[in-house]
Structures are given as C-alpha cells and as structure tokens.
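The values are calculated or read from the model by the stated rules, or taken from the named source; none is laboratory data. Computed from a predicted model, the values in this text were never measured in an experiment. Here the Cβ positions follow ideal geometry from the backbone for every residue, glycine too, while neighbour counts run over all protein chains shown.
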Amino acid sequence: MNANKLLKISILTASISSLISHSVFGQIFSTEQNPLSVKWRYISSEGFKIIYPTELEKEAQRMANTLPHIYPKVGLGLKQQNAAIPVLLQNRGTIANGFVQLGPKKSEFYTTPPQYFDSQDWLNNLAVHELRHVAQFDKLTGNQKHPFPELVYLAYFGAAVPTWFFEGDAVVNETALTFSGRGRQPNWIMPFRASVLEGKKFSYSKAYFGSNKDVTPGYYQTGFLMMANLKEQYGQFVSDSLLGDLRKRPVRPYPFSQSLKKIAGVNTQNLFLKTQEKITQSWKIQEQNTSVENYEILNKKSNYATSYFLPVRLNKNQILALKESKTQARHFVIINSDKSEQKLFGIGYQEQSWFSLKNNTIVWDEIRYDPRYKQRSYSVICTYNLMTKKFKRLSRKSRLFSPALSSDGKKVIAVQVDLSNQFNLVEISTSDGSILKKYANLENEILQTPSFDSSGNRIAFISVSEKGKNLKLLNDGISETLIADSRQQLSRPIFIGESIAFNAHLNGIDNIYQIDIQSKKIGALTAAKYGAFNPGISTDGKFTFNYYQINGYEISEKEINESAIGENHFVDFSAAAEKQENVGNVFEGIPDSTYQSKPYRTGLNLFNFHSIIPSIDNEYIFGLELQSNNLLNTMNFYTGAKYHRDLKRFEYTADISYKALYPVLSVVYRNRPKRTFYRANNAVKQGDWREHYIKLNASLPLSFNSRNENFAFSLNAATSYTQRYLPENMPNGFIRELKFPMEYSFAFNHSVRTTERDIAPRWAQVFRASYNHQPFDPNLKGEILALGSFLYFPGFLHNHSFLASFNYQKATGVNQYATDISTVYGYNNILAKSKLENTLLFNYRFPFAFPDWEIGPLAYVRNFRAGLFCHYENIGKDTNFGEPKTFGVELNSSLNILRYQPVVDVGTRLVFVNKIYNQNPILEFSFNYSF
C-alpha cells in the first residue's frame, strides 16, 4: 500500500484505531495474513457467518449455536435483536485477542486463550464482549447489514464517541450477563483502587489516556466504572439513549458529551469526577471493614511505575525477579539484600509475566512470530543456566505455555494447545526439549499454570470451563479436584509440603491462600491491602510474593503461617446492571444443533467492497475512492477519480495488492493529466498531456524476534510503464513512452525492545540500499544508487538516544537531481551549492518532563522531549567536520487534543545554517500523530 493510501486510511481511522480491541492484548484491527496452507470453511447461522480453519470444526459449531442464541440478550440494552456479521475464528496465533470493526465489517476471535483470564470459557468470554460491540455499531448504523460507506461510519464513531464508552459499556454488559466478567475481578480494578485510597486521584484525561509516569487505570476500567454508575442512576437503556441521541444529532462539537449532558445532566468530565468520588467512598468503607497487614518491601522504591514480577529466592541474600518499568523493558534482575540490583538479560513479549527457577536454571515462555505471516505465532520455551551463563531454546514453532521446572531441573511441565484448541499438560526434557509424557484431558477444559511438587511426581494446575475455575491435583495420571467450579480468579498454584498455595480473592482482595491436600481446608497466607500475588517458596519456612502498591508490584517476604479467611467485602459496581438485565448466565441453555459446513473459497472472495471515501492528495487534487478489502486480509482493491483543480481535469486510479503469497504483489494504474513548463524561443511555455501509468511491485517483508531483539528484512523490486497521449503545445522530441525503469531496494533493521518512554531506540542498526536505472529505454539514461545507515546508541541516561547516520548517493542522467537519502534539517529551505552526494547526521534525543497536564478539554500534555543535532552535507566539498551545514535544537511534546484517543506529537526546531550559505536561522514546526 502506498504512502498516500496509508495516510487516507489513517485519517479515517486514527480516532478509533483501538476502539474495540479486547483488553487481554489490546491490539488494533489486524491486517495480517495466515499462511496459504490454512484451509477455510464457513457456517451460516441466523445472520452470523462463521469462517474458520478446518481444525476448529467443533468450536465453530459451538459458536454457530452460541452467537445467535445470546445476541438478543447482549443487544437488549441497545434494543438490538438481530445481527448480520462475519465472524472469523483465528487459530494460528498464540496471542489472545478479539475485535469488531467496520471497513470491512467483521469480528475476529483469536481462539488460543491466555494463561490468565476470566473464570469462564474463553470463546464465550469473547462472544459476550464482542457481540456488545456489534450491537453498538448496529445501533449507530441503523442495523444495516452493510452500512455503506463503512469507513465513514467508522471515522464518525472515532470522532464522536470516546473509547471508554465502547469498552466500559461492553465490560458492564459482560459482567451483568454472566457469573464472571472483569467487573468482578478485584485485581482488574486494583490500580485505580490503590491510587484513590492513597490519595492520588486522577484527572479525567489521565485516567482515560494514561501516563508516562504513573500507573493509571486505563479506558477499560475507567469506562466500566463510569458506565456502571450511569446504568445504576439512569437504568438499563441509558446506552441506547446516548447512542440514539448521537445518531439523531451527529454534527456537533463534543457530541458525546453533549448527549450525556442532555440525558444525565453532566458532561464527560463531571461524570468521571462524580464516579471517582463515589467509588472512593465505597472503597473506603471496604477498607474499614477489611483486616489488612503491611509487609516490608525488599526492592528499591521507584518514583514512577515499576514492577518486579514473580520474586523467588536465589539464596539468603538475593532474589530473582522479572522487572519492567516505564524506563526499562522486561528483564531478569537480581535484587541483593541491600536492595541494589544486577541486571541479567532482557526477554521477549509475554502475555503474562512468567518464569520458573529450579537448580540454578530459569525457564520461561515467550512469543515468536512467523517471519512473513504474522497471524501465525508461536509460544516457545527458553532456558538460562545461572552457572554456565548459557541460553537454550527448548522448543521451536511450539504452542507451549507456563513452563515450570521440577526440583532437579531435569524436566518441565507446561500447557500445550493444538490448532483444534485441545489442551494438554506435557512433560518436557530440559536436555533436548523432547516430550516425555502427555496427560489426557478428556473434557478438554482450558488448562493453566501447572507446577511440580518437590518429588516431581505430583502436578497442581488450574482448569477452566463455563462452570468456573478449578484447582486440581494430578498424581500418577489420576486427577483430583481440590476446588471445584469457582468464580474466584484462581491462579499460579505451587506446593508447600502437603498444601498448595494459590492466588484468589476470597476476602474481596487478591491474596495468597493455601489448601490442605488431604482435608481441603483453606487458609489465608497474606492479607494485603490492595493485592498479593505469585508466591515463591524458599527453604527457611518463608515465601516471597508480589505485594501490590501504588507504583506497581513490589517484593515482600513472610513466614508461612496461616490465618482465617476474612469476610468478603468486595464492591460489585455492576450489581445494579446485573439486576436490570436479570439474565443470570447468558450461556445457560445453549442449543446443540449441527449446522451445515461448507468450504470457504478464498479465490471467490477476493473482493469485498465496503466504502466510498474522500481522497485528498493536497489542496489541488481531491476526489472519491471506492474501497475493497477482503475478510482474510489477502487482497486490497481501490479505484476512484480525482479532480485536479489547477488543471481542470480528472485523474482515474486503480490499485490492487495481493498478500496471500510469500511476496506481496501489487499493481498501480493511473490515467492522469500532466502539465509542464519549458523554455522555447526565449519564452516560457506551458505544455499538457495525459498518460497511462502502470506500476508493478513485488516486496518481501520478513521479520524475526528472539528474546528482546527484533530483526527485519525487506526486499523490493518494481518497474513501470508510461504511455503519454493527447499532447498539447509540447516541444519537438516529446517522449511518449517511458519503458520499464527498474527499482530495487533492500533494508535491514535490528533493534532491542523499547519502552514507553523511549523516543528513539537505545540500541539499533538500520541499513538501506536502493538502485534505480533505465535498462530498457535508450532515450532516458540515468541511474541512482542510494545507501543509508542509521546507528542508535544509548545516551547518558535511561531513554536517551544518540543517532549517527551516514548516507550516500550517486545519481546520473535523468536522475541526477533526485534525492533518495536522508537530508540535513532545513534542506528544503537552503539554496544548494552542489549536487547532493552524502550526508552525515548526528542527533541526540531525550525526554525531560512528564507533567500529565490536563488543559481543560483542549489538550492533555503527556511529556516534553528535546534534541540536539549537528548535520553535514557533501563532506569534503561543502562542509568539513569543523563546520557542519546545519545544527540546532528541537523541542517536542506528546499530547491528546480535544480528548481524542490518537497521540499527537507537536514540535518546533531551530536550525542554524553554516555561514557560507548566507542563510538566516530557520524555524520549523512539526505535527504528527500515532495510535
């Protein structure tokens, strides 16, 4: 897709890019592909078209029964009773997610669940949440099966409706319609509770948009609390009233806030402040009624959000943990008894923090992506030996989760999930990664977080079904249930002699409990104020654990002694909504019909027209574009017409991109008017013509990741043909054909994981090469070779970055004045002294303030950043190392404008120019956005 196309899509979707992502992973709409080997089928079920890989036949049949059965109840509060939407079940990935989108209209369920989520079936969990988003879209589009033009509707949603409403309404609904739901999970709302009870209340913008400094609740949690409050005050149909008023009066400043004020008498900010005050009072009452203990913190305190996950003792003076903060990506760290730290190494992406330590060996799982087809990913197991300092990858292209070592470090127990969503516990040899044993799971419950006892013969683990969570014990292949069908967030069981410690929220706050294996008696091991998690047993009668505080997960330790379980004073903010819906569990009584399944012919479903959108290149060129994107993201097609206001003529366009193959193939066609000015007979004359322009492009984007390092390669080859016709007032020798100029490019990128505060990589290498020439056209000789390098190094402090970039080009013939390399700042405003040949660029960038300023409804200022630069051009000819061409300073800030979700980056740059150019300093301004 070309840059202009990307810009147009971005303009339409910037405000809603993360509109409906499931909170487990929170990604934006996926445009990635599956490998060609995937065979697809589909089932039609009362408006739902379920498209799925053949391995998921059983799950597809279940969803064909489930979705139409629950939708009338899910959509009731929005007065939506029927739906028509394709639902794709994706099984090649190992990252949990789900979303609904327009342009094209569809929903996707990622069927592999995370190792920590709600106490119900995963696909049911997705269904009840995502179908609420379907109802929200249908409410605003008038329940149209194909709400053409979809991208225009999507853009309006993003501009008019805050993300917290979409997600908050859906979370309230998922909680009210089931016996589970995130609204019943204390740890899900824990950061908000900890902050307000510590007296650190948020502004509306900070709670909504987040912070580069503090732990903030996020728009899911903020939206849940605000919508739960609204439903309690204004009833079951308040969301319907809000969206209905928006639909009737779409064109207004701050339309959602105005609709809210009309219906509830408050704007969005006042609703947030009233909600925050209400929940603070409720949580203070809970605090007064709950007995808590304070624990000594063993790690160094931080002034910004920092977490130490899964602490475990190495010896009496050292603790191992996974550390992550606003300034540092996730890495292993050793904390000494004096709280000093030793960084070991960084690791790759994990859906939840996880590792196991036994016999001086660390084992963990991390996500690895397919080099080309990013819908396919793997969860591999890695080890590190603390004595030999050697890494080992135990599995390749695997789907293994939550590995835990035996006491002797010779085997690992892990959860395996195959492509049909069959779950099994498997034992793996740490010597060669071979599977030693696989345990049967006849009911195919979802399995989570297993662990060995000290002998390596018994296994404790969590299983999940629609009935709830279970704590189970596996002994010689025989499974025993210790806790059955619980709605508690049971997780991470570990053995303590003849007891098993685990996480739960029996007193309304997440704490650590233990159950006696024989008597099944449960006692409390911690009584934390906000939350205690992840016990790690030491050998001296103590256990380490995560103790949640206002800045994140800290490390504490206490004696293994049991106390009584306190009374549960959890504040259920969704109770009013649950009473209004009066459903119980929406998944009761699901039919068990068998639907006809048919092959989904990918070749017959390449086109899917969904939108006509405005197409604006600049102030002179504008028009309309018809867009098609198929459901599997394998082919894009765009066609349209643009009017050239200065030429008073039309341009006709068509672009097609096919992405199912290993290389991405694209064809661009333009029938366009052109104009030029030339000198003849001592006068400047104007000439016009039209031309057919066809460009063919093949690209191969490949990327890999290993631990905390990312690698990317890109190969590209292109050619074009131009035929000019209808010349008007053109000179003699006017060339009517441009025959197949060739373009080649290659890029390589290596970088380490960045953090939230990084504004440029601290360690990365980027190399680019391109070559364009005219081998088939003797009338147009010329070539251009361009080489670029970008080397990033750590600066003096965290999140500081130094860039050194050298770039070279050689251009001849018709390309002699082309520019294919990075130029000095101010380049376009400085009269060149000679043809561009090379540049040497030095940049030092760093953040220096994180104010979290809310400037009313106008802006929320997240950070301030600065940079120094010194740039050279045509070294040895125009400049030398003592006299750069330009140098100066820049200042930037990231902010949210008018309370919209996209992060806007505004900046200014003062460019001083070498005195030989007789050029005054140049003041430049920048405006960019991201999401």
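A compact table of results
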read-out: When residues of the stretch 789-803 are limited to those that are under 11 Å from residue 762 (Cβ atoms) and of a type in the set (A, V, I, L, M), the one surrounded by the most Cβ atoms within 10 Å (Cβ to Cβ); value: 803
read-out: Whichever residue in the stretch 565-598 is surrounded by fewer than 11 Cβ atoms within 10 Å (Cβ to Cβ) and polar (S, T, N, Q) and, among such residues, is farthest from residue 512 (Cα to Cα); value: 596
read-out: Yes/no for residue 641 being small (Gly, Ala, Ser), within 34 Å of the chain's Cα centre (by Cα) and assigned to a strand (DSSP E or B); value: no
read-out: Hey, residue 432 at pLDDT below 95 and not assigned by TED's automatic domain parsing to the domain that holds residue 57 or not; value: yes
read-out: Unique match (being farther than 26 Å from residue 197 by Cβ and surrounded by fewer than 23 Cβ atoms within 10 Å (Cβ to Cβ)) among 496, 550; value: 496
read-out: Number of the exception - residue 164 against (1) in contact with a Gly (Cβ under 6 Å, 6 or more places away or on another chain); (2) modelled with pLDDT under 95; value: (2)
read-out: Qualifying positions in the stretch 365-387 - free of Cβ contacts under 8 Å to residues at least 40 places away in the same chain and among the hydrophobic types (A, V, I, L, M, F, W, C); value: 380, 387
read-out: Some residue of the stretch 129-141 being at positive phi and either surrounded by fewer than 23 Cβ atoms within 10 Å (Cβ to Cβ) or assigned to a loop (DSSP other than H, G, I, E, B) (or both); value: no
read-out: Test for residue 587: is it of a type outside the set (Lys, Arg), touching an Asp or Glu at 6+ places or on another chain (Cβ under 8 Å) and part of a loop (DSSP other than H, G, I, E, B); value: yes
read-out: Cβ pairs under 7 Å, 6+ apart, first in the stretch 613-636 and surrounded by fewer than 17 Cβ atoms within 10 Å (Cβ to Cβ), second of a type in the set (Lys, Arg) and in a loop (DSSP other than H, G, I, E, B); value: 620/645
read-out: Out of 440, 414, sole residue that is within 25 Å of residue 62 (Cα to Cα) and among the small types (Gly, Ala, Ser); value: 440
read-out: Residue identified as out of contact with any helix residue (DSSP H, G or I) (no Cβ under 7 Å at 6 or more places or on another chain) and among the small types (Gly, Ala, Ser) among 497, 508, 531; value: 497
read-out: Residue count, the stretch 881-920 (criterion: outside any helix (DSSP H, G or I) and more than 28 Å from the chain's Cα centre (by Cα)); value: 20
read-out: Pairs where the first residue, in the stretch 808-826, is on the phi > 0 side of the Ramachandran plot and the second is among the polar types (S, T, N, Q), C-beta under 9 Å, 6+ apart; value: 813/774; 826/886; 826/919
read-out: Scan of the stretch 385-412 for residues that are aliphatic (A, V, I, L, M) and part of a strand (DSSP E or B), ordered by number; value: 400, 404, 405, 412
read-out: Residue within the stretch 55-64 that is in contact with a helix residue (DSSP H, G or I) (Cβ under 6 Å, 6 or more places away or on another chain), touching a residue at least 12 places away in the same chain (Cβ under 8 Å) and among the polar types (S, T, N, Q) present; value: no
read-out: Residue match in the stretch 427-435 (condition: part of a strand (DSSP E or B) and buried (at least 18 other Cβ atoms within 10 Å of the Cβ)); value: yes
read-out: Condition check for residue 629: within 28 Å of residue 43 (Cβ to Cβ) and of a type outside the set (D, E, K, R); value: yes
read-out: Residue that is in contact with a Gly (Cβ under 8 Å, 6 or more places away or on another chain) and either over 21 Å from residue 534 (Cα atoms) or among the small types (Gly, Ala, Ser) (or both), where the choices are 353, 340, 307; value: 307
read-out: Given (1) modelled with pLDDT under 95; (2) outside the structural domain of residue 912 (by TED's automatic domain parsing); (3) touching a strand residue (DSSP E or B) at 6+ places or on another chain (Cβ under 9 Å), index of the condition residue 828 fails; value: (3)
read-out: Residue within the stretch 200-214 that is surrounded by fewer than 24 Cβ atoms within 10 Å (Cβ to Cβ), polar (S, T, N, Q) and out of contact with any helix residue (DSSP H, G or I) (no Cβ under 9 Å at 6 or more places or on another chain) present; value: yes
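Matching residues to (1) acidic (Asp, Glu); (2) over 28 Å from the mean Cα position of the chain (by Cα); (3) modelled with pLDDT under 95; (4) buried (at least 17 other Cβ atoms within 10 Å of the Cβ):
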site: 256; (1), (2), (3), (4): no, no, yes, yes
site: 272; (1), (2), (3), (4): no, no, no, yes
site: 278; (1), (2), (3), (4): no, yes, no, no
site: 288; (1), (2), (3), (4): no, yes, no, no
site: 293; (1), (2), (3), (4): yes, yes, no, no
site: 298; (1), (2), (3), (4): no, yes, no, yes
site: 302; (1), (2), (3), (4): no, no, yes, no
site: 307; (1), (2), (3), (4): no, no, no, yes
